[in-house]
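**Q** I'd like to ask you about the structure that follows.
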Amino acid sequence: MEDTIVAMATAKGETSIHVIRLSGSNAGKIIEDCFDPQNMSRWSRRESFTLNLGNFRDENRILDEVLVGRMLAPSSYTGEDVYEVNCHGGPFVAQRILQACIRHGAQLAEPGEFSKRAFLNGKLDLVQAEAVIDLISSRTETAANLALTQLGGGLSETILNLREEVLEILAFIEASIDFPEDDVESLDREMLETKINKALDDSLHLLSGSKTGKILRDGLITVIVGRPNVGKSSLLNALLHEDRAIVTDIPGTTRDEIRESVSVGGFLLQLVDTAGICESQDLVECLGIERTWKALKTADLILLVVEANLPLTEDENHIINTYAEKVIVIVNKIDLLENEQCVSMNNKEVWIPFSVLQHRGFEDLEAEIKRRVYQGETVDVSDPLISNVRQISSLERCHTALSEALESLRRGTPWDIMSIEIRQAVQNVSEITGHNVQESLLEEIFSRFCIGK
Ligand SMILES: Nc1nc2c(ncn2[C@@H]2O[C@H](COP(=O)(O)OP(=O)(O)OP(=O)(O)O)[C@@H](O)[C@H]2O)c(=O)[nH]1
Ligand SMILES: [Mg+2]
């Protein structure tokens, strides 16, 4: 922890500038050894949050003209003294500056080590640290907004409130253990039941937004399926705005899955184009069709493309019946219909008249996807939504422990047994923000960061 760490904060390669970042108690000394500021009197005032022009040198050799940012403890990202050297963007220049810092005593940082230090110094909790990774890797506007809200601390605050409630329940039970059983007991139990119910409601409320949160963060696995030649690959290409898949009027053109991600209406869709489903004698086509059936099982959303002027096949009916909740029926090629009267469909599923060729139906599809993401609820991304699988799983375990405690309470279980269940709930809710976490979990989380973050 005493070590001063250094890393490139920018991606390797040729660019306009590179940033080399240092953090730790020795960072100032290392910079003093290598940096000749142009304005010495300003530099010597040691003002925080300043940018200083000067030469960076190793011994007597000037390596580059640089700008050095100085952010002193405790107000920096890591909570330690942080210096950022902005140099010209050649990979060679940046490497030489990095090497000079190492020669003067800095250690090369591990992935995520800056953020880990920020966490250990209380600048970020785990929810915020994970939001940093999400923000970096977000590919849609909604995902980025969600990560930003979490980074701002809104979700952490809600989780901390829940933790306070559970801790209060624990304190209440522990206090009751200390007193012998007497006639105030029934009153205590009633009050305790109210408190547990409140914590249960709050955790359930957070969990109810988690499905939406997870979709905003990770997107929807969206499988495009249908009989051969119905226009599946055309739909994929239109959504991607590029000719990714081969389209021909020969049935059986697509043989293998094609996977691509795209933002539709601000949501990330992980699209899978599949081989058309039919009875086939061709071995390769059969293997492709087998994959199509498998893909349906793991899909979050199925776009079943059907022909507007043909009745549904047995397979199409089967898909609608089996996966009713996740199917949107795309009734394609309406441009070929005489009076645009679509095939009548005896079911309640959402179906959208479509023509990929004439670019019709896309707005309705977007609206339907949006409706599904929000599941009929109005969810504002500025609400504190929980979206990370690790955090959701800890919250679920906290909810289960609370439910068990409530059961125990109703059965008249002794206080000391109940306190074990509430302790479990405390542990689970604490893991979310990073109170009481094991080193191995921290290592696992921060290793997912890039070097220099
Ligand atoms: N008229 C009309 N033709 C379309 C429409 N969409 C696609 N097509 C045509 O239908 C034919 C098949 O399109 P594909 O996208 O290759 O169909 P597919 O479902 O991927 O077919 P397979 O890969 O063989 O399963 C092509 O000739 C497309 O130009 C549409 O909306 N209207
Ligand atoms: Mg195809």
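**Q** Mind checking which aspartates and glutamates have their C-alpha under 18 Å from Lys198, skipping anything on the same chain fewer than 8 residues away?
**A** Reachable aspartates and glutamates: Glu157, Glu164, Glu165, Glu168, Asp188, Glu190, Glu396, Glu404, Glu407, Glu421.
**Q** Given the pairs Lys294/Lys333; Lys211/Lys232; Lys214/Lys326, which span a C-alpha to C-alpha distance of over 24 angstrom in this model?
**A** Lys294/Lys333; Lys211/Lys232
**Q** Sticking with this structure for a sec: If the viscosity is 1.306 mPa s and the temperature 10 °C, what translational diffusion coefficient in µm²/s does Stokes-Einstein give for region 46-201 when Rh comes from Kirkwood over Cα pairs?
**A** 78 µm²/s
**Q** Within 10 Å of each residue's Cβ, count the other Cβ atoms and sort Lys29, Lys333 from fewest upward.
**A** Ascending number of Cβ neighbours within 10 Å: Lys29, Lys333.
**Q** Using a cut-off of under 11 Å, list every residue of region 413-441 whose amide N is near the label point 7 Å from the Cα of Lys195 along the Cα-to-beta-carbon line.
**A** none
**Q** Turning to a different aspect of this structure: Tell me the Kirkwood radius of region 221-268: reciprocal of the mean inverse pair distance over distinct alpha-carbon atoms, in Å.
**A** 11.4 Å
**Q** I need the calculated FRET efficiency for the pair Glu257 and Gln438, taking r as the beta carbon distance and R₀ as 35 Å, to the nearest 0.05.
**A** 0.35
**Q** Additional query: Take the alpha-carbon centre of region 266-311, take the same for region 15-59, and report the distance between them in whole Å.
**A** 58 Å
**Q** Let me ask you something else. Gln38 to Ile136: FRET efficiency via 1/(1 + (r/R0)^6), r the Cβ-Cβ distance, R0 30 Å, to the nearest 0.05?
**A** 0.35
**Q** How large is ³J(HN,Hα) for each residue in region 428-443, as worked out from phi by the Karplus curve 6.51 cos²θ - 1.76 cosθ + 1.60 (θ = phi - 60°), to whole Hz, x for Gly and Pro?
**A** The phi angles translate into 5, 6, 5, 4, 4, 8, x, 6, 6, 10, 7, 4, 4, 5, 4, 4 Hz.
**Q** Full-extension gain between Ser393 and His88, please, as 0.36 nm times their residue separation minus the C-alpha to C-alpha distance.
**A** 105.3 nm
**Q** Count neighbours as other Cβ atoms within 10 Å of each site's Cβ, and list the trypsin sites (Lys or Arg not before Pro) in region 110-217 that are DSSP loop with at most 15 such neighbours.
**A** Arg139
**Q** May I pose another question? Please order Asp273, Asp243, Asp134 by the number of other Cβ within 10 Å, starting at the fewest.
**A** Lowest count first: Asp243, Asp134, Asp273.
**Q** Oh, and also: Tell me which residues come under 5 Å, amide H to amide H, from Val305 once H is placed; ignore anything under 5 positions away on its chain.
**A** Answer set, sorted by chain and number: Val225, Gly226, Ile330.
**Q** For Thr50, what residues show an amide H to amide H distance below 5 Å, using hydrogens built from the backbone and excluding near sequence neighbours?
**A** Residues meeting the criterion, in which the H sits 1.01 Å from N, are Arg70.
**Q** Using helices alone, what [θ] at 222 nm do you get for the chain, with -39,500 (n - 2.57) per DSSP H run of 4 or more residues, divided over all residues and rounded to the nearest 500?
**A** -15000 deg cm²/dmol
**Q** Let's test this: bin the Cα-Cα distances of region 219-373 at 5 Å from zero up to the farthest pair and state each bin's percent.
**A** P(r) for region 219-373, in whole percents per bin: 2, 10, 20, 25, 23, 15, 5, 1, 0.
**Q** Stretch Leu207-Arg61 to full length: gain in nm at 0.36 nm per residue minus the Cα-Cα span?
**A** 46.7 nm
**Q** For a label point 7 angstrom out from the Cα of His318 toward its Cβ, which stretches of region 211-246 have the backbone nitrogen within less than 19 Å?
**A** Hits in region 211-246 for His318 at 19 Å: 223-230.
**Q** Restrict the search to region 1-92; then list the chymotrypsin sites (Phe, Trp or Tyr not before Pro) that DSSP places in a loop and that have at most 16 other Cβ atoms within 10 Å of their Cβ.
**A** Of the chymotrypsin sites (Phe, Trp or Tyr not before Pro), the ones in loops of region 1-92 whose Cβ has at most 16 other Cβ atoms within 10 Å are Phe49.
**Q** Over the alpha carbons of region 5-124, what is the largest minus smallest coordinate on each principal axis, giving the biggest first in Å?
**A** 38, 35, 25
**Q** Binning at 10 angstrom from zero up to the longest distance, how are the C-alpha pair distances of the chain distributed in percent?
**A** All Cα pairs considered, the percentages come to 4, 16, 18, 17, 18, 15, 9, 3, 0.
**Q** Listing Ser447, Ser263, Ser440 from the residue with the fewest other Cβ atoms within 10 Å to the one with the most, what is the order?
**A** Ser440, Ser447, Ser263
**Q** Further question: Rounded to whole Å and sorted largest first, list the principal axis extents of the Cα atoms in region 250-313.
**A** On the principal axes, region 250-313 reaches 41, 28, 23 Å in Cα extent.
Throughout, read-outs are computed from the coordinates displayed, never taken from laboratory work. Remember, it's a predicted structure, so these values are computed and weren't measured experimentally. Cβ: placed from backbone, ideal geometry, glycine included. Neighbour counts: every protein chain shown.
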